[in-house]
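Report on the following structure.
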Amino acid sequence: MSTWDVEVVGLAGRSADNSTFEFQKGMGQRREIDYQAWLLSSDLERVIVDCGPNPREGTSRDVNVERGVGELLGSTAGLVTDVVLTHAHWDHMGGLRDFPHARIWMQQAEWDFIRSPYVKVPAIGRYYGDTSALQEAHNEGRLRLVSGVAEVRPGIRVRWSGGHTPGHQTVDVDMPSGLGVVCGDLVPVIDNIIDGTLPGIFTDALECVDAIERVVASRPQALYTGHDRDAAVHALDWAWITTWNAGGTR
Ligand SMILES: [Zn+2]
């Protein structure tokens, strides 16, 4: 059985309103958050989940990104065979061109959405940046479009969640210690699980509920949230998590 170590790659930090990450909670309160990517390593292979904001786009959005993910990873970037995108928001796919030969994994629903008229609506489109690197990957035959569940490599599985965006996905990783879940922005901060709050940004609240309950029901050993500060890995005592039904009632 293949197992993978997960390493959080911090790319930038900033202070933001708490309600950006917990829906209608802590409005007016500041919260320190990070932008990050997740490097998965087996004995022989490297896979990256999300690739963060890039310096150029960061500048245009007032986020100081000193070095993009490719520069931070150095020679390791060349070993990455697969990039998994939880979703296509600007702060999760900005480093795509740092992996010019890698396969790119995303949900068909996200691919369809970024080419739909909705992203031309500023209220929705403001979270998306330059997605032309995806079109290039598609033209080069490197884009892997998933509908639902797929195995990226043995021990790494993506699952559609929707919720935060129509084609958002989470990533299950078989780690030496057990299951790890890279949540992306389905769970941008661990308080979503502890307090029972929705992410601050979503296109479908009920999809968020269903997907968060699925994650809770899977009782992961390690949970990687989208934007918690300082490379946060969460090992929770799931027996005491009562904020979600874990799929028990529907
Ligand atoms: Zn994000």
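A few comments on the model shown:
- Members of the range 219-242 found to be part of a loop (DSSP other than H, G, I, E, B), in contact with a helix residue (DSSP H, G or I) (Cβ under 9 Å, 6 or more places away or on another chain) and either more than 17 Å from F21 (Cβ to Cβ) or open to solvent by 50 Å² or more (accessible area, probe 1.4 Å) (or both), listed by number: R219, P220, L236, I241
- Applying the condition of being in contact with a strand residue (DSSP E or B) (Cβ under 9 Å, 6 or more places away or on another chain) and open to solvent by 10 Å² or more (accessible area, probe 1.4 Å) to the range 81-92 and asking which residue is nearest to the ligand (Cβ to nearest atom) yields D91.
Residues are listed down the side, and each one gets a yes or a no for (1) outside any helix (DSSP H, G or I); (2) charged (D, E, K, R):
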{"site": "D112", "(1), (2)": "no, yes"}
{"site": "Q135", "(1), (2)": "no, no"}
{"site": "H138", "(1), (2)": "no, no"}
{"site": "G141", "(1), (2)": "yes, no"}
{"site": "P188", "(1), (2)": "yes, no"}
{"site": "G200", "(1), (2)": "yes, no"}
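- Within the range 20-36, considering residues that are within 10 Å of the ligand (Cβ to nearest atom) and not in a strand (DSSP E or B), the one surrounded by the fewest Cβ atoms within 10 Å (Cβ to Cβ): T20
- Residue count, the range 171-186 (criterion: within 16 Å of the ligand (Cβ to nearest atom) and part of a loop (DSSP other than H, G, I, E, B)): 1
- Residue pairs whose Cβ atoms lie under 6 Å apart, separated by 6 or more positions or on different chains, with the first residue in the range 185-204 and among the charged types (D, E, K, R) and the second in a loop (DSSP other than H, G, I, E, B), are D185/H164; D185/P199; D185/G226; D191/E22; D204/G162; D204/G163.
- Boolean, L44 is away from the ligand (no atom under 16 Å from the Cβ) and either touching a residue at least 12 places away in the same chain (Cβ under 8 Å) or closer than 25 Å to L198 by Cα (or both): no
The values are calculated or read from the model by the stated rules, or taken from the named source; none is laboratory data. What you are looking at is a predicted structure, and each value in this text was computed from that prediction instead of being measured. No Cβ is skipped: glycine too gets one built from the backbone with ideal geometry, and neighbour counts run over all protein chains shown. Protein only, heavy atoms only, side chains kept; ligands, DNA and RNA dropped before computing areas. Shrake-Rupley method; radii C 1.70, N 1.55, O 1.52, S 1.80 Å.
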